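Undergrad: Sharing a structure below in structure tokens format, with a few things to ask.
The values are calculated or read from the model by the stated rules, or taken from the named source; none is laboratory data. It should be emphasised that the depicted structure is a prediction, and the values quoted were computed from it without experimental measurement. Here the Cβ positions follow ideal geometry from the backbone for every residue, glycine too, while neighbour counts run over all protein chains shown.
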Amino acid sequence: MGVFYFCTMVDFIIVGFGLAGMSFADQLEEHNKSYVVFDNDSQRSSRVAGGLYNPVILKRFTLAWKAEEQLAEALPLYNRLQQQFNTEITYELPVLRRFNSVEEQNTWAEAYDKPTLQRFLTPQLVDKNTYAGIDALYHYGKVKNTGRVEIVKMLDAFKEKLTKRNAFFEDGFEYNALEINANEVVYKGIKAKYVVFAEGYGLKQNPFFNELPLTGNKGEYLIIKSEALKLKEAVKSAIFIIPLGDNLYKVGATYNHDDKTLKSTIEAREELEKGIRKIIKVPFQVVDQMAGVRPTVLDRRPLVGRHAKYPNLHILNGLGTRGILIGPTVAKALYQNIANDIPLDKEINIKRFEDRTF
Ligand SMILES: Cc1cc2nc3c(=O)[nH]c(=O)nc-3n(C[C@H](O)[C@H](O)[C@H](O)COP(=O)(O)OP(=O)(O)OC[C@H]3O[C@@H](n4cnc5c(N)ncnc54)[C@H](O)[C@@H]3O)c2cc1C
């Protein structure tokens, strides 16, 4: 509680600067609102994420929830930031789905007949011998209009911009230091009209919103190096193999409902290495391992909205396994709700959990 910031008045305080907090900051930039950000690097979901955006669920060959409209919101944002920061942040990266059976190949052909999927699925199968380093008994299905976002680079560039104007504090937000008045909040000398909490799984420490059913799901990735693999596309089998350049690949991820720490584990490494050996036929070495907790929600929908008792406190969370696609859409919805009173979609509004205990 010791630190006091220069006395200032802003429109918003944002707590947390992962994909959720950054997407909201972008809304504030767009609408010329003043704000400061607090982030203490206590959660890492955005920073360890594979960085893929892919609207198709590759288990069932269906479109993910509202994926088409989320893509329309997300890509312009990442392209805009790419231009603004003058560095490569996003690029197209097709995904090859490695089939496990003839039945899967047939299901793919059936899926292609659905009008909503035609933009993303390629009807011609990709030959199983395309990559000598991959053990493929059947052909691949190619998903297009997918890509990758260099999330760490993007967050760091945005953070640098905010740091230069004294709007980014690398500090943990202390909830009990927040004074809440009718028309403003005061936090250690900073007056603001609103606070937007975007702490990812860190929400569990937030006394204002921690009753919401954020379940959390830990995921771990390995970074491997392989000179012989030579993939130009991401390959999805039981695991994802994502080319990063310089013969490096991100391989994963695991799913764990029980462990909510950020520690890399031997179990995950063994699981992933076993998975790799089933698919990759060429030599590789593990060069790194990383872990994060996905902010997943009981009903698999984001957590967005206003506190029932304190109308100047808001939440932007629950981006789950697809933060790149979902973040920009829900950040815009929350901004429009706060600034222009435009109602939130019932599916994302935290009001759906009022009167429910978990
Ligand atoms: C292994 C893994 C792979 C993934 N792969 C993909 C992928 O390929 N594509 C995709 O779309 N999504 C992917 N995801 C999901 C995606 O990462 C999440 O949906 C998204 O990053 C969540 O963003 P967030 O901002 O809500 O949370 P976070 O990224 O966790 O950010 C929350 C921030 O709040 C800060 N914070 C918390 N508490 C406080 C506090 N009290 N004071 C100050 N700061 C605080 C934290 O330090 C953190 O920076 C993956 C996730 C994991 C774990």
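Undergrad: With ASN176, ASN181, ASN217 as the choices, which residue is of a type outside the set (D, E, K, R), within 11 Å of the ligand (Cβ to nearest atom) and at pLDDT 95 or above? Please lay out each step first, then the result.
TA: Numbers: ASN176 fails: within 11 Å of the ligand (Cβ to nearest atom); ASN181 fails: within 11 Å of the ligand (Cβ to nearest atom).
Just a single option satisfies the conditions, and that option is ASN217.
Undergrad: May I ask you to verify whether ASN206 is within 15 Å of the ligand (Cβ to nearest atom) and either touching a residue at least 24 places away in the same chain (Cβ under 8 Å) or crowded, with 18+ Cβ neighbours inside 10 Å (or both)? Explain how you work it out, then say what you get.
TA: Working: within 15 Å of the ligand (Cβ to nearest atom): yes; either touching a residue at least 24 places away in the same chain (Cβ under 8 Å) or crowded, with 18+ Cβ neighbours inside 10 Å (or both): yes.
Judged against the criteria, ASN206 is a match.
Undergrad: For region 277-294, does any single residue satisfy the condition of being within 15 Å of the ligand (Cβ to nearest atom) and closer than 17 Å to VAL195 by Cα?
TA: So the first thing to find is which residues in region 277-294 are within 15 Å of the ligand (Cβ to nearest atom), and the list is 288-294.
Now drop any that are not closer than 17 Å to VAL195 by Cα, which leaves none.
Scanning region 277-294 turns up no residue that is within 15 Å of the ligand (Cβ to nearest atom) and closer than 17 Å to VAL195 by Cα.
Undergrad: Within region 319-347, can you find the residues that are under 23 Å from THR90 (Cα atoms) and outside any helix (DSSP H, G or I)?
TA: LEU319, GLY320, THR321, ARG322
Undergrad: Next question. Scan region 310-358 residue by residue and report those that are within 21 Å of the chain's Cα centre (by Cα) and on the phi > 0 side of the Ramachandran plot.
TA: Once the filter is applied, which keeps residues that are within 21 Å of the chain's Cα centre (by Cα) and on the phi > 0 side of the Ramachandran plot, region 310-358 yields GLY318, GLY320.
Undergrad: Quick test for you: out of PRO94, PRO55, pick the one residue that is within 14 Å of the ligand (Cβ to nearest atom) and in contact with a Ser or Thr (Cβ under 8 Å, 6 or more places away or on another chain). Can you show your working first?
TA: Values: PRO94 fails: within 14 Å of the ligand (Cβ to nearest atom).
Step by step, each of PRO94, PRO55 is checked, and only PRO55 is within 14 Å of the ligand (Cβ to nearest atom) and in contact with a Ser or Thr (Cβ under 8 Å, 6 or more places away or on another chain).
Undergrad: Going by the structure shown, is GLU73 in contact (Cβ under 8 Å) with a residue 12 or more places away in the chain, of a type in the set (D, E, K, R) and in contact with a Lys or Arg (Cβ under 7 Å, 6 or more places away or on another chain)?
TA: Values: in contact (Cβ under 8 Å) with a residue 12 or more places away in the chain: yes; of a type in the set (D, E, K, R): yes; in contact with a Lys or Arg (Cβ under 7 Å, 6 or more places away or on another chain): yes.
Yes: the conditions hold for GLU73.
Undergrad: A follow-up question, please. Filter region 66-91 down to residues that are surrounded by fewer than 17 Cβ atoms within 10 Å (Cβ to Cβ) and either farther than 12 Å from VAL149 by Cβ or modelled with pLDDT under 95 (or both), then give me how many there are. Reasoning before the result, please.
TA: Residues of region 66-91 that are surrounded by fewer than 17 Cβ atoms within 10 Å (Cβ to Cβ), as a first pass: 68-69, 72, 76, 79-80, 83-88, 91.
If we keep only those that are either farther than 12 Å from VAL149 by Cβ or modelled with pLDDT under 95 (or both) too, we end up with 68-69, 72, 76, 80, 83-87.
Of the residues in region 66-91, 10 are surrounded by fewer than 17 Cβ atoms within 10 Å (Cβ to Cβ) and either farther than 12 Å from VAL149 by Cβ or modelled with pLDDT under 95 (or both).
Undergrad: Please pick out the residue among GLY189, GLY245 that is more than 15 Å from the ligand (Cβ to nearest atom) and at pLDDT below 95. Walk me through it before giving the result.
TA: Working: GLY245 fails: at pLDDT below 95.
Selected residue: GLY189, the only one of GLY189, GLY245 that is more than 15 Å from the ligand (Cβ to nearest atom) and at pLDDT below 95.
Undergrad: For region 184-237: of the residues being among the aliphatic types (A, V, I, L, M) and within 16 Å of the chain's Cα centre (by Cα), which is nearest to TYR91 (Cα to Cα)? Step through it out loud before you land on a result.
TA: To start, the set of residues in region 184-237 that are among the aliphatic types (A, V, I, L, M) comprises 185-186, 190, 192, 195-196, 198, 203, 212, 214, 222-224, 228-229, 231, 234-235.
With within 16 Å of the chain's Cα centre (by Cα) added as a condition, the list becomes 198, 203, 214.
On the way: ALA198: 26, LEU203: 31, LEU214: 31 Å.
The qualifying residue nearest to TYR91 (Cα to Cα) is ALA198.
Undergrad: Out of the residues in region 13-48 that are within 12 Å of the chain's Cα centre (by Cα) and hydrophobic (A, V, I, L, M, F, W, C), which is farthest from the ligand (Cβ to nearest atom)?
TA: Ranking the qualifying residues of region 13-48, first place goes to MET22.
Undergrad: Then there's this: Can you confirm whether region 174-185 contains a residue that is surrounded by 18 or more Cβ atoms within 10 Å (Cβ to Cβ) and either free of Cβ contacts under 8 Å to residues at least 60 places away in the same chain or farther than 25 Å from VAL48 by Cβ (or both)? I'd like the intermediate steps shown before the answer.
TA: The first filter runs over region 174-185 and keeps only residues surrounded by 18 or more Cβ atoms within 10 Å (Cβ to Cβ), leaving 178, 185.
Checking the rest, the ones that are also either free of Cβ contacts under 8 Å to residues at least 60 places away in the same chain or farther than 25 Å from VAL48 by Cβ (or both) come to 178, 185.
Among the residues of region 174-185, at least one is surrounded by 18 or more Cβ atoms within 10 Å (Cβ to Cβ) and either free of Cβ contacts under 8 Å to residues at least 60 places away in the same chain or farther than 25 Å from VAL48 by Cβ (or both), which makes the answer yes.
Undergrad: Looking at region 326-339, can you tell me whether even one residue there is within 30 Å of ALA228 (Cβ to Cβ), within 15 Å of the ligand (Cβ to nearest atom) and of a type in the set (Gly, Ala, Ser)? Steps first, please.
TA: Within region 326-339, the subset within 30 Å of ALA228 (Cβ to Cβ) is none.
Checked region 326-339: no residue is within 30 Å of ALA228 (Cβ to Cβ), within 15 Å of the ligand (Cβ to nearest atom) and of a type in the set (Gly, Ala, Ser).
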